[in-house]
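> Have a look at this one.
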Ligand SMILES: Cc1ncc(COP(=O)(O)O)c(C=O)c1O
């Protein structure tokens with residue numbers, strides 16, 4: 001391959017060529033339409049096993065109606081940052097609903113989960129503090145953690161003994177995820193709460209993938225694991241996954257929220273999410289709380305998929321959530337498999353480094369309550385018997401690479 005000509009200070013071409021050579025180059029694909037559990041690309045219909053729309057709400061008529069009514073009432077934008085005039089009664093009502101649903105004193109809304117995570121770490125952690133986080137945490141947490149003046153330690157995935165040996169009393173913050181985005185497994189929250197309580201450190205959960213899916217009324221991973229919300233100082237969740245809209249929140253004590261209102265730069269210096277969007281999220285929460293039937297259906301689909309895939313010899317992760325990764329190993333093989341499924345009308349994304357550790361490329365299959373049993377059967381039939389040699393997470397190197405798709 002010809003070396004790209006370097007035309008400026010940033011060697012963009014070389015970086016792109018390097019990714020292409022390693023089968024790691026990313027492309028975007030423009031989708032059409034919006035039907036839960038389905039996808040249209042270039043006028044062809046696919047079953048969608050790649051979205052995080054776990055309850056099939058992204059296309060729900062009541063949420064769309066609430067969004068439209070919100071636009072009629074508040075307009076399309078919020079017009080300003082929240083401390084200027086961007087904070088409306090719709091935002092306030094959503095904060096109150098979230099606080100009551102999740103059992104926290106107060107809540108603050110953010111435009112997305114990426115900025116919510118970064119805002120919290122940046123606002124809290126100074127030079128004298130310590131940050132401990134799971135090595136499989138999301139890119140937003142890893143990247144901000146590595147840029148802060150405080151010392152960050154990444155503990156082995158869900159390795160509580162390693163965390164316990166690293167903790168220093170009363171020095172900072174432990175952060176982990178409810179459901180890990182690329183693996184679908186859960187962190188042990190009772191143990192995390194115990195370690196945080198014992199060591200006098202704060203604890204934060206990123207429950208982007210547990211909210212709406214797990215626990216009574218979809219209250220998330222803490223509720224599913226029966227961990228009292230009061231034992232976790234900071235709860236973060238997103239609206240763009242099971243809730244089917246977009247945006248995020250941070251919840252905790254009133255003092256925490258007052259502090260973030262004053263010191264969280266991503267909050268203070270950013271135009272607030274449209275009030276209409278807050279109206280849509282409030283409607284979504286109403287539906288999510290009442291969606292036990294959808295969650296039961298989803299659980300059945302998950303069990304059906306796991307049983308079928310295991311019988312076909314595929315290596316499954318330790319996940320009882322809608323995120324069901326099939327470990328493949330090599331990026332080229334993951335891409336080929338995704339391509340083969342696509343040819344059969346099934347949309348499954350190959351996830352490659354640096355999103356996941358080197359050697360653990362995978363098909364990240366996500367299930368939705370919008371799927372039917374026959375959709376799962378079609379996926380299993382298309383996958384067919386596994387012909388790959390075994391790979392495992394533990395065998396892989398541990399790059400410090402960021403986790404993003
Ligand atoms: C675990 C986790 N945290 C945070 C985020 C970021 O959320 P958002 O998409 O709202 O920026 C994601 C989304 O991909 C995620 O998977």
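> With contacts defined as alpha carbon pairs under 8 Å and 6 or more residues apart, what's the relative contact order of segment 61-289 in percent? Each step should come with its number before you reach the end.
Details: 452 pairs, mean separation 73.5, N = 229.
Reported relative contact order: 32 percent.
> Give the percent of DSSP beta bridges with both residues in the chain that are antiparallel, rounded to the nearest 5.
Values: 25 of 44 bridges.
Taking every DSSP beta bridge within the chain, about 55 percent pair in antiparallel fashion.
> So for the chain, averaging the separation of alpha carbon pairs under 8 Å that are six or more residues apart and normalising by length, what relative contact order in percent results?
Values: 807 pairs, mean separation 86.0, N = 405.
Dividing the mean separation by the residue count of the chain yields 21 percent.
> Using only DSSP helix segments of four residues or longer, with each worth -39500 (n - 2.57), what per-residue ellipticity at 222 nm results for the chain after dividing by its residue count and rounding to 500? Show your work: numbers first, answer last.
On the way: 14 runs with 154 residues, N = 405.
Mean residue ellipticity, 222 nm, calculated: -11500 deg cm²/dmol.
> What order do you get for 53, 375, 258 when you list them from fewest to most C-beta neighbours inside 10 Å? Don't skip to the end; give the middle numbers.
Working: 53 24, 375 20, 258 12.
So the residues, fewest neighbours to most, are 258, 375, 53.
> As an exercise, use a Förster radius of 25 Å and the Cβ-Cβ distance of residue 307 and residue 343 to find the FRET efficiency, rounded to the nearest 0.05.
Working: r = 25 Å, r/R0 = 1.02.
Calculated transfer efficiency: 0.45.
> Once you have a ≥ b ≥ c as the square roots of the Cα gyration tensor eigenvalues for the chain, tell me rounded if a/c is under 1.5, and otherwise prolate or oblate according to whether a/b is larger than b/c.
Details: a/c = 1.37, a/b = 1.18, b/c = 1.16.
Cα axes put the chain in the rounded bin.
> Exposure proxy check: 177, 286 ranked by fewest other beta carbons within 10 Å?
On the way: 177 26, 286 15.
In increasing order of surrounding Cβ atoms, one gets 286, 177.
> State the antiparallel share, in %, of DSSP beta bridges confined to segment 61-289, rounding to the nearest 5. Spell out each step's value before the answer.
Working: 10 of 27 bridges.
Rounded to the nearest five, the antiparallel share is 35 percent.
> For segment 61-289, treating each Cα as an identical point scatterer without solvent, what Debye log10 I(q)/I(0) comes out at q = 0.12, 0.17 1/Å?
So the normalised log intensities are -0.61, -1.20.
> As an exercise, use a Förster radius of 25 Å and the Cβ-Cβ distance of residue 269 and residue 127 to find the FRET efficiency, rounded to the nearest 0.05.
Working: r = 22 Å, r/R0 = 0.90.
After rounding, the FRET efficiency stands at 0.65.
> Quick one: order 29, 174, 234 by neighbouring beta-carbon count within 10 Å, fewest to most.
Values: 29 10, 174 26, 234 23.
Neighbour counts put them in this order, fewest first: 29, 234, 174.
> Taking 22 Å as R0, compute the FRET efficiency from the Cβ-Cβ separation of residue 299 and residue 22 and round it to 0.05.
Numbers: r = 38 Å, r/R0 = 1.71.
Efficiency, rounded to the nearest 0.05: 0.05.
> Using only alpha carbon pairs under 8 Å that are at least six residues apart, calculate the relative contact order of segment 199-300 and give it in whole percent. Walk me through the numbers before you get to the answer.
Values: 122 pairs, mean separation 26.3, N = 102.
Once divided by the residue count of segment 199-300, the mean separation gives 26 percent.
> Between residue 377 and residue 262, what is the label-point separation in nm under the 7 Å Cα-to-beta-carbon projection?
Here the modelled spin labels are 6.2 nm apart.
> Hey, another quick one. Assuming a ≥ b ≥ c are the square roots of the Cα gyration tensor eigenvalues, decide whether segment 208-253 counts as rounded (a/c under 1.5), prolate (otherwise, with a/b larger than b/c) or oblate. Each step should come with its number before you reach the end.
Working: a/c = 2.99, a/b = 1.29, b/c = 2.32.
Taking the square roots of the gyration eigenvalues as a ≥ b ≥ c, segment 208-253 is oblate.
> Using a 10 angstrom cutoff on alpha carbons, build the Gaussian network for the chain and name the most mobile of 371, 91, 27.
Looking only at 371, 91, 27, the largest GNM fluctuation is found for 27.
> Report the residues of segment 188-204 in range of a label on residue 318: point 7 Å along Cα→C-beta, backbone N strictly under 16 Å from it.
Backbone N within reach: 188-192.
Bear in mind these aren't lab numbers, they're just calculated from the coordinates by the rules spelled out. Quantities reported herein were computed from a predicted structural model and do not represent experimental measurements. FYI the Cβ positions are ideal-geometry reconstructions off the backbone, even for glycines, and counts take in every protein chain you see.
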